[in-house]
Structures are given as structure tokens and as C-alpha cells.
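> Right, I'll just put the structure down here and ask away after.
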Amino acid sequence: MNILIVGATSGIGNNLWQHYVSAGHNIVITGRRKEVLDMMNEEHPDKTYAIPCDISDHNSFNKFLANVKTRFGRIDLAIICAGIGDLNPGLDVKLELATLSVNVIGWTNVVDLVYKLFEKQSSGHLVTVTSVGGFQPTPIAPSYSASKAFQINYTKSLQHKTKGTGIVVTEIRPGLVDTRMAKGDGLFWVMPLDKVVHRIIRAIDKKQKRLVVTRRWRIINFILKHFI
């Protein structure tokens, strides 16, 4: 398969790259940290195509995707992991807007362009990585939780569009995972990254509509959705 991973330089995206490249797939990876992308490319040069890109810069991503289409012709699986989140109890407006610029505006541009590519192909599997935090508004990171709620509902909307298109849309909704994104004191039920990624790969293989990972976070997700 030809696989695109947006947000591949750390955490879930990086571990998914390691899995799929080891399985012999062609992987297109992008992220903001060029030095990390270069190291990934050097590790598997025959199967990895790495280009730095900040998704909040729409022109940059548009050019990136056009480059990918020219080089590979088609993309079979696209996994959108890119996102940021900062603790911001003081409501620093710059931090709030920066989060929305990536997690809402930039994310939507990426998802829509990939979906339209799949429409032209009449096939493709789009995977979005959202968060249980979308159901948990928090005063210490309001733009993050709000942006994840946006991503959850946007993904659901796309899933309603797929009937008869040959496109599959999967939402991966993790709880707290042991990555750079897990910030703050007294974090609850932080899941091991390897365990989470294993479940994600299985859900992608099965073309599941949605996965809340791991099982204990499904309970939290249910409570937050229905009772909070």
C-alpha cells in the first residue's frame, strides 16, 4: 500500500510509521520537525518519503499533497495524527489561536483535501486521530478540548458522506497516552503507547468506524458523553 501519515514525527504517528514501513509498505510522512523526518528517512530510505510541512500553512500542505500525487499516483491509506495542545489556564489568546489554527483550520484543510483525493480515486481509507478530551471540556486547555470535539463531529459528518463512494473513514479516539501530548500533574490512566498503537493497527485493518482506546477509556468516554 501507499500510506500517508500526517504528524509522523512523534507519538502515535511515529509508531504507526515504524509498523507499516517494517511491513514493506511505501510511507509518505510529514511533520514540522525536519531533523526527525530526515532520521526516519535515513532509517528506511527505500520505503519512506519524508517532506516537512506545517499544516497550519495551507499552501505548504497543498503543495506537499500535489507532490505526493505526482510521485505515487494514489494513496490507499491516510492517517491524520497532527495536532497540538498546550495547558493554558490563563487564556493566553496567542496559545488558544495557535491551537485552533492547527487542530481546526489546518486539520480541516488536510482532511478535506485527502477526502477529495479519495473521491477522485473512488477509494481510500481515511483515519483521523481525535481524543476522548473532545467530551471533557477543561478550564486548563479549553481550545484543545474544543478542537477535539470539532474533529470528532467533523469525522462523523464525513462518515455519513461515504455511502457508495468506496471511501472508508475511521475515527481513533484515544484517552491519555504516554506521549508528548500528555501534559499536566496527576494524569489519570495514562496508557502505554505500544499497547494503544497495537489496538489502532487492528482497528485500521478491520476498517472499523470508530475505536475508543483502550477499553477502560471506553468507559470514561461513555460517562463523559452521556452524563457530564
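> Exactly one condition in (1) open to solvent by 20 Å² or more (accessible area, probe 1.4 Å); (2) at pLDDT 90 or above; (3) under 23 Å from ALA98 (Cα atoms) is false for HIS160; which is it?
(3)
> Looking only at region 51-80, count how many residues are under 17 Å from GLY13 (Cα atoms), open to solvent by 30 Å² or more (accessible area, probe 1.4 Å) and of a type in the set (A, V, I, L, M, F, W, C).
Qualifying residue count for the region: 1.
> Hey, another quick one. So PRO89 ticks every box in (1) open to solvent by less than 60 Å² (accessible area, probe 1.4 Å); (2) more than 18 Å from SER10 (Cβ to Cβ); (3) assigned to a loop (DSSP other than H, G, I, E, B); (4) modelled with pLDDT under 95 but one. Which box is left unticked?
(1)
> Which of the following residues is modelled with pLDDT of 95 or more, of a type in the set (A, V, I, L, M, F, W, C) and part of a strand (DSSP E or B): ILE105, ILE51, ILE3?
Working: ILE105 fails: part of a strand (DSSP E or B); ILE51 fails: modelled with pLDDT of 95 or more.
Testing whether each residue is modelled with pLDDT of 95 or more, of a type in the set (A, V, I, L, M, F, W, C) and part of a strand (DSSP E or B) leaves just ILE3.
> Also, I was wondering about something else. Might you let me know whether region 101-108 holds any residue that is touching a residue at least 12 places away in the same chain (Cβ under 8 Å), among the polar types (S, T, N, Q), closer than 13 Å to VAL6 by Cβ and crowded, with 19+ Cβ neighbours inside 10 Å?
Within region 101-108, one or more residues are touching a residue at least 12 places away in the same chain (Cβ under 8 Å), among the polar types (S, T, N, Q), closer than 13 Å to VAL6 by Cβ and crowded, with 19+ Cβ neighbours inside 10 Å.
> Which numbered condition in (1) among the charged types (D, E, K, R); (2) modelled with pLDDT under 80; (3) surrounded by 18 or more Cβ atoms within 10 Å (Cβ to Cβ) is the only one that ARG173 fails?
Only one criterion in (1) among the charged types (D, E, K, R); (2) modelled with pLDDT under 80; (3) surrounded by 18 or more Cβ atoms within 10 Å (Cβ to Cβ) is unmet by ARG173, namely (2).
> Hey, another quick one. Kindly indicate whether SER10 is in contact (Cβ under 8 Å) with a residue 60 or more places away in the chain, among the hydroxyl-bearing types (Ser, Thr, Tyr) and surrounded by fewer than 20 Cβ atoms within 10 Å (Cβ to Cβ).
yes
> With open to solvent by less than 10 Å² (accessible area, probe 1.4 Å) and either more than 27 Å from PRO89 (Cα to Cα) or part of a loop (DSSP other than H, G, I, E, B) (or both) as the only criterion, which of THR165, THR155 stands out?
Checking each option against the conditions leaves just THR155.
> Run GLY24 past the list (1) part of a helix (DSSP H, G or I); (2) among the small types (Gly, Ala, Ser); (3) free of Cβ contacts under 8 Å to residues at least 60 places away in the same chain and report the number of the one that doesn't hold.
The single condition GLY24 does not satisfy is (1).
> In addition: Out of the residues in region 117-152 that are within 14 Å of the chain's Cα centre (by Cα) and not in a helix (DSSP H, G or I), state the one that is modelled with the lowest pLDDT.
My answer is SER131.
The values are calculated or read from the model by the stated rules, or taken from the named source; none is laboratory data. The shown structure was predicted, so the numbers you read here are calculated from the model rather than taken from an experiment. Note that we place each Cβ from the backbone using ideal geometry, even for glycine, and neighbour counts take in every protein chain shown. The accessibility values were calculated without ligands, DNA or RNA, using every heavy atom of the protein model including side chains. Shrake-Rupley method; radii C 1.70, N 1.55, O 1.52, S 1.80 Å.
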